[in-house]
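Shown next, in structure tokens, is the structure this report addresses.
The values are calculated or read from the model by the stated rules, or taken from the named source; none is laboratory data. What you see is a predicted model, and the numbers here were worked out from it, not measured in a lab. Backbone-built Cβ (ideal geometry, glycine too); neighbour counts: all protein chains shown.
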Amino acid sequence: MHTKKTILAIIGSASAASSCEKLAARFAEQLSEAAEVVRYNTLKVLPHFDPDLAVTAPPEEVVRLRNYIADAAGVLICTPEYVFSIPSGLKNAIEWCVATTVFSEKPVGLITAAASGIKGHEELQLILQTVGASFTEATTLLIQGVKGKINQEGQITDTQTAEAFARFVSAFKEQAGL
């Protein structure tokens, strides 16, 4: 019996009914035949980054997140943009991983879903490049004006966005070996 690979979907939004949560659910549906997608939407439980603890005594929740990333065949990060940047909770989570190699060569897909998102998307790519994650232009997706492009059920209602999302999912599957 063939076991499905696991993909970790990190939701950068702190809001329970966010567009990012809906997009991650849509992503999981698209990958359901090839992989199990585990959604990590509890960034707010992580303590503030403390470099003194990062290597010698990381908190239990940080260790758990690092293990999720290390064990996953790939990682999706789906985030909004807050004040021209990525949300502080997402940045905090990534900072806890800097002292490790969990992101090194890890296949990663990056979605920024926001009103504008340009600066946050650039920053996210720079940060993930810095920690050694493996992504390409095809495994990054900026969805501008997201609130007008998906409905309450998380269905993508904008044709161009739906097509871009499908290309993104296909590229991610290839990158993650699914």
Residue that is assigned to a helix (DSSP H, G or I) and either in contact (Cβ under 8 Å) with a residue 60 or more places away in the chain or exposed (fewer than 15 other Cβ atoms within 10 Å of the Cβ) (or both), where the choices are 152, 125, 129: 129
The stretch 1-20, subset out of contact with any helix residue (DSSP H, G or I) (no Cβ under 7 Å at 6 or more places or on another chain), surrounded by fewer than 20 Cβ atoms within 10 Å (Cβ to Cβ) and under 25 Å from residue 151 (Cα atoms), residue modelled with the lowest pLDDT: 16
Among (1) touching a residue at least 24 places away in the same chain (Cβ under 8 Å); (2) in a helix (DSSP H, G or I), the one test that residue 64 misses: (1)
Any chance residue 38 is surrounded by fewer than 15 Cβ atoms within 10 Å (Cβ to Cβ), within 12 Å of the chain's Cα centre (by Cα) and outside any loop (DSSP other than H, G, I, E, B): yes
Leading residue by the ranking (farthest from residue 56 (Cα to Cα)) among those in the stretch 102-128 that are in contact with a Gly (Cβ under 7 Å, 6 or more places away or on another chain) and among the polar types (S, T, N, Q): 112
Long-range neighbours under 6 Å by Cβ, at least six apart or interchain, first residue touching a residue at least 40 places away in the same chain (Cβ under 8 Å) within the stretch 29-45, second in a strand (DSSP E or B) and not hydroxyl-bearing (Ser, Thr, Tyr): 31/37; 35/5; 35/7
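Yes/no matrix, rows are residues, columns are (1) within 26 Å of residue 52 (Cβ to Cβ); (2) in contact with a Phe, Trp or Tyr (Cβ under 7 Å, 6 or more places away or on another chain); (3) assigned to a loop (DSSP other than H, G, I, E, B); (4) at pLDDT 95 or above:
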residue: 78; (1), (2), (3), (4): no, no, no, yes
residue: 89; (1), (2), (3), (4): yes, no, no, yes
residue: 92; (1), (2), (3), (4): yes, yes, no, yes
residue: 96; (1), (2), (3), (4): yes, yes, no, yes
residue: 100; (1), (2), (3), (4): yes, no, yes, yes
residue: 105; (1), (2), (3), (4): no, no, yes, yes
residue: 109; (1), (2), (3), (4): no, yes, no, yes
residue: 112; (1), (2), (3), (4): no, no, no, yes
residue: 116; (1), (2), (3), (4): no, no, yes, yes
